[in-house]
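Reviewing the structure listed below.
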Amino acid sequence: MITLSIRQPWAWLIIRPDLTGDAREEWLHSPGRKDIENRSWSTVFRGRLLVHAGKGMTRAEYESAADLALSLGQRVPNPEDLQRGGVIGSVELADCVTESASGWFFGEYGFVLRDPRPLPFVPWKGQLSFFDVPRDALREAAHG
């Protein structure tokens, strides 16, 4: 399955694996939900993809993301509580834009995201750009 590696806490902000039930439903329709992933490159891909939480995360990256998230009404967990180096969920990539009213947009290109779904954490090595994680390997790793 097509996969995109995203550094933490950005990946967590997209998926929000901590929310369930009514709290998740409310968040899905909130203006503060991270609905854009910024990139320096464009894509024609549209469809569901896996969200891989990258292993790397500097203190500065974390603090910058946490500050922006807070300004948009979202709080992030402590750095040590974020899962890294594996698949944490899936999301639909609906569009690729060069302008957006979203508070999350600050890149050259913005991948418009919708319908985020958490998945059980599956350790997996990340890669640049899009990469493939075979569904069979995901199932096997999840049931390990």
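No lab work stands behind these numbers, since they all come straight from the coordinates. Note that the coordinates shown come from a computational prediction; the quantities given were computed from them, not determined experimentally. Please note: Cβ atoms are built from the backbone with ideal geometry, for glycine as well, and neighbour counts cover all protein chains shown.
Assigning unit charges at the beta carbon (Lys, Arg +1; Asp, Glu -1) and nothing else, what dipole magnitude in debye, to the nearest 20, does region 1-53 show about its Cα centre?
It works out to roughly 280 debye.
Compute the signed sum of charges (Lys and Arg +1, Asp and Glu -1) over the other residues within less than 10 Å, Cβ to Cβ, of PRO118.
+2
Kindly write out, for region 28-36 in residue order, the coupling ³J(HN,Hα) from the Karplus curve 6.51 cos²θ - 1.76 cosθ + 1.60 (θ = phi - 60°), rounded to whole Hz, with x marking Gly and Pro.
Karplus values, whole Hz, x for Gly and Pro: 4, 10, 8, x, x, 5, 6, 10, 9.
Principal axes first, then extents: for the Cα atoms of the chain, list largest minus smallest coordinate on each axis, whole Å, largest first.
40, 33, 32
Suppose R0 equals 22 Å; then what is the FRET efficiency for GLU80 and ASN38 from their Cβ-Cβ distance, rounded to the nearest 0.05?
0.30
For the chain, what does the helix formula give at 222 nm: sum of -39500 (n - 2.57) over DSSP H segments with n ≥ 4, over the residue count, nearest 500 deg cm²/dmol?
On the way: 4 runs with 36 residues, N = 144.
Calculated from helices alone, the mean residue ellipticity at 222 nm is -7000 deg cm²/dmol.
For the chain, give the magnitude of the charge dipole about the Cα centre (Cβ charges: +1 Lys/Arg, -1 Asp/Glu; no others), in debye to the nearest 20.
So the magnitude is around 320 debye.
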